[in-house]
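Asker: Sharing a structure below in structure tokens format, with a few things to ask.
The values are calculated or read from the model by the stated rules, or taken from the named source; none is laboratory data. Note that this is a predicted model, so its numbers are computed, not measured. Here the Cβ positions follow ideal geometry from the backbone for every residue, glycine too, while neighbour counts run over all protein chains shown.
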2 protein chains.
Amino acid sequence: MPIVVVVGTMAFDDVKTPFGSVDGALGGSATYASLACSLFARPGIVSVVGSDFPEKHMAMLRSKGVDTGGIEVKQGGKTFHWKGEYGLDLNDAKTLRTDLNVLEGFKPVVPDAFRGADFLFLGNIDPELQLGVLSQMKKRPKLVVADTMNHWISAKRDKVIEVVNEVDIALMNELEARQLFRTPNLRKAAMEILALNSEIAIIKKGEHGCIAFTRNSHFACPGYPLENVLDPTGSGDCFGGALIGYLAKTRDFSERNMRRAIVHASCVASFNAEGFSVDRLKRVKMKDVKRRYSEFRGFVRF
Amino acid sequence: MPIVVVVGTMAFDDVKTPFGSVDGALGGSATYASLACSLFARPGIVSVVGSDFPEKHMAMLRSKGVDTGGIEVKQGGKTFHWKGEYGLDLNDAKTLRTDLNVLEGFKPVVPDAFRGADFLFLGNIDPELQLGVLSQMKKRPKLVVADTMNHWISAKRDKVIEVVNEVDIALMNELEARQLFRTPNLRKAAMEILALNSEIAIIKKGEHGCIAFTRNSHFACPGYPLENVLDPTGSGDCFGGALIGYLAKTRDFSERNMRRAIVHASCVASFNAEGFSVDRLKRVKMKDVKRRYSEFRGFVRF
């Protein structure tokens, strides 16, 4: 039985960055988030793939302790496909093509063994699916964290706001926060998130790190100064997955431990950007995370 | 006799931001930098204005302890004029118009009383003028800090590199660093700056704060989370002026004190963005800076 239920996409990605490219590589928000989470706590994925999804990916996930029992395999269907490109500014991907495939009409069914989980990560997927998964839980989980994406803010703003209203921690990147609340000011956007009932608003800023706002505090976490970024795809998902994983492991929701969770999540996200697809992520060990965590202390001391 | 010599522009600025606009307002890199510096140490400006430059601006600068004896007033000339606009992303100004006016053909003459100063700030101006001022100092100052601007990197890249080669601390913003060294990676750009003989490379990131690199350390300073940014013009110059001012006051170039100087500089720069032109900057008191400085400690603790 998983400790953390992760809903999101599973995908084949074609990604081009200034440093290389991959085609048909394993991707998707649930994939990245659950692998990142697995460093700290046992995740279970709720998602859908087509019958073209290779068993080796499932086996890799299981080898990391990911429960794949909630992944629907749609016979004859094709796995969701995303094609994107990054320019020299690696903070923002340009989507070149999206083929929803099996995601179209997907109605997630949360397996019975998952419904009592204390931790729920609503990864980047249609906000109606996020709400659908939340409603299937037997009881309100102890902690619900939600991520979103600019596409859903444009297409289903009201539903995105409904999600933010239901969760404990809302994650979004700075463009999304500005877009959702129609303000250039990140602090103002964060205050709007908190006014919507989230306890914590975390604004992700790519290589610039992130800022976490509560009603009466502010935490600035720098980005890790990577010398060799290859592909930032999925780093935001990794951040969310590692964050909830750390909180599930420690079960301490104090402000101090939240900050530690955020720094751990930043470390995991930074490793992910050092490789294409999940190449680097799947090789990260806890000792790597711990080493980077202590480097962070040195970066901010004054 | 000033402790810190500041070379840079003095200007009339027309600025439009999403929050308002001003026309013919006091601006220029030397103006902002010297006002910011004056919170910590006595600055002396080397610059040029036209006979249209009002005495009230000179009087305001002197009232803050700025030595105006090195400002050439070119009779019949018009003061440098800059017109710029900011969109919702306040991190980057769009230059709409630049009238060099008296800056054209300007040959700075460093007054004799300034030539023995221990601290020199080469604010944003033609890099040949920056080098000209440095060469007029009686002895190599104890600390030379240089700023630059994308315009000079495009127009006189070799001279910008010569400046970086001569100074102790090189400041530039992230776009400039990427442009100067033709890499998207800030860490790599910083390493190039250090390879050019600067002891410290400080990459300014606007609202995201800044990163300081030395050969074996990395300091991430977050931006202050402003609720009401009105106009970021000059905040980078304020950062530089306050940085050298703090170092001139404390005369301690240790890594630890450098970090404190950077946080103080970030505080002063953040105040500047709360008003148009120098409206907020000229009202900042040391107790305001100290209050914000202690807030920064809380922002980064984990």
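Asker: Hey, residue A:267 hits all of (1) within 14 Å of another protein chain (Cβ to nearest Cβ); (2) of a type in the set (A, V, I, L, M, F, W, C); (3) farther than 28 Å from residue A:21 by Cα but one; which does it fall short on?
Answerer: Among (1) within 14 Å of another protein chain (Cβ to nearest Cβ); (2) of a type in the set (A, V, I, L, M, F, W, C); (3) farther than 28 Å from residue A:21 by Cα, the lone unmet condition for residue A:267 is (3).
Asker: For the condition in a strand (DSSP E or B), among the hydrophobic types (A, V, I, L, M, F, W, C) and modelled with pLDDT of 90 or more, what is the one hit in A:172, A:191, A:258?
Answerer: Working: A:191 fails: in a strand (DSSP E or B); A:258 fails: in a strand (DSSP E or B).
Just one listed residue meets the conditions, A:172.
Asker: Then there is this: Just checking, how many residues over segment A:232-255 are within 13 Å of another protein chain (Cβ to nearest Cβ) and either charged (D, E, K, R) or assigned to a helix (DSSP H, G or I) (or both)? Write out each step before concluding.
Answerer: Just the residues of segment A:232-255 that are within 13 Å of another protein chain (Cβ to nearest Cβ), to begin with: A:232, A:246, A:254-255.
Within this subset, residues satisfying the condition of being either charged (D, E, K, R) or assigned to a helix (DSSP H, G or I) (or both) are A:246, A:255.
The qualifying residues number 2.
Asker: Take the residues in segment A:159-195 that are in contact (Cβ under 8 Å) with a residue 40 or more places away in the chain and among the aliphatic types (A, V, I, L, M), then tell me which one is nearest to the other protein chains (Cβ to nearest Cβ).
Answerer: Going through the qualifying residues, I end up with A:175.
Asker: Which condition from (1) buried (at least 20 other Cβ atoms within 10 Å of the Cβ); (2) more than 26 Å from residue A:56 (Cα to Cα) is the one that residue A:216 breaks?
Answerer: Failed condition: (1).
Asker: Same structure, new question: Within segment B:87-106, work out how many residues are within 14 Å of chain A (Cβ to nearest Cβ) and over 19 Å from the mean Cα position of the chain (by Cα).
Answerer: Adding up the residues that qualify gives 3.
Asker: Of the residues in segment A:278-302, how many are within 14 Å of chain B (Cβ to nearest Cβ) and hydrophobic (A, V, I, L, M, F, W, C)?
Answerer: Of the residues in that region, 4 qualify.
Asker: Working only within segment A:189-206, note down all residues that are of a type in the set (S, T, N, Q) and closer than 19 Å to residue A:239 by Cβ.
Answerer: At the first step, the residues of segment A:189-206 found to be of a type in the set (S, T, N, Q) are A:197-198.
Selection gives A:198 alone.
Asker: Is at least one residue of segment A:29-44 more than 19 Å from residue A:1 (Cα to Cα), touching an Asp or Glu at 6+ places or on another chain (Cβ under 7 Å) and at pLDDT 95 or above? Reasoning before the result, please.
Answerer: Our first condition is that a residue be more than 19 Å from residue A:1 (Cα to Cα); within segment A:29-44, this holds for A:29, A:32.
Of the ones still in play, those that are also touching an Asp or Glu at 6+ places or on another chain (Cβ under 7 Å) are A:29, A:32.
Retained after the next criterion (residues that are at pLDDT 95 or above): A:29, A:32.
Within segment A:29-44, one or more residues are more than 19 Å from residue A:1 (Cα to Cα), touching an Asp or Glu at 6+ places or on another chain (Cβ under 7 Å) and at pLDDT 95 or above.
Asker: Still on this structure: Exactly one condition in (1) touching a Ser or Thr at 6+ places or on another chain (Cβ under 7 Å); (2) under 22 Å from residue A:32 (Cβ atoms) is false for residue A:189; which is it?
Answerer: Among (1) touching a Ser or Thr at 6+ places or on another chain (Cβ under 7 Å); (2) under 22 Å from residue A:32 (Cβ atoms), the lone unmet condition for residue A:189 is (2).
Conditions tested, residue by residue: (1) of a type in the set (Lys, Arg); (2) touching a residue at least 60 places away in the same chain (Cβ under 8 Å).
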residue: A:203; (1), (2): no, no
residue: A:206; (1), (2): no, yes
residue: A:216; (1), (2): no, no
residue: A:233; (1), (2): no, yes
residue: A:238; (1), (2): no, yes
residue: A:241; (1), (2): no, yes
residue: A:253; (1), (2): no, yes
residue: A:256; (1), (2): yes, no
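Asker: When segment A:217-253 is examined, which residues are found to be among the hydroxyl-bearing types (Ser, Thr, Tyr) and at pLDDT 95 or above?
Answerer: Applying the first criterion (among the hydroxyl-bearing types (Ser, Thr, Tyr)) to segment A:217-253 yields A:217, A:224, A:233, A:235, A:246, A:250.
Those that are among the hydroxyl-bearing types (Ser, Thr, Tyr) and at pLDDT 95 or above: A:233, A:235, A:246, A:250.
Asker: Next question, about the same structure. Would you point out the residue of segment A:196-227, among those that are over 24 Å from residue B:189 (Cβ atoms) and part of a loop (DSSP other than H, G, I, E, B), that is nearest to the other protein chains (Cβ to nearest Cβ)?
Answerer: The residue in question is A:216.
Asker: How do the strands (runs of 3 or more DSSP E) wholly within segment B:1-100 filter down when requiring 1 or more residues that are buried (at least 16 other Cβ atoms within 10 Å of the Cβ): which remain? I'd like the intermediate steps shown before the answer.
Answerer: Numbers: elements: B:4-7, B:11-17, B:20-27, B:43-50, B:67-74, B:80-85, B:94-99.
The qualifying strands (runs of 3 or more DSSP E) are B:4-7, B:11-17, B:20-27, B:43-50, B:67-74, B:80-85.
Asker: Scan segment B:281-302 for residues that are part of a helix (DSSP H, G or I) and of a type in the set (D, E, K, R) and jot them down. Lay out the reasoning, then the answer.
Answerer: First pass over segment B:281-302, keeping only residues part of a helix (DSSP H, G or I): B:281-283, B:286-300.
Selection gives B:282, B:283, B:287, B:288, B:290, B:291, B:292, B:295, B:297.
Asker: Which condition does residue A:278 not pass, out of (1) part of a helix (DSSP H, G or I); (2) within 15 Å of the chain's Cα centre (by Cα), if it passes all the others?
Answerer: The number of the failed condition is (1).
Residue by residue, here is whether (1) in contact with a Leu (Cβ under 8 Å, 6 or more places away or on another chain); (2) touching a residue at least 12 places away in the same chain (Cβ under 8 Å); (3) surrounded by fewer than 24 Cβ atoms within 10 Å (Cβ to Cβ) holds:
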site	(1), (2), (3)
B:249	no, yes, yes
B:268	yes, yes, no
B:278	yes, yes, no
B:286	yes, yes, yes
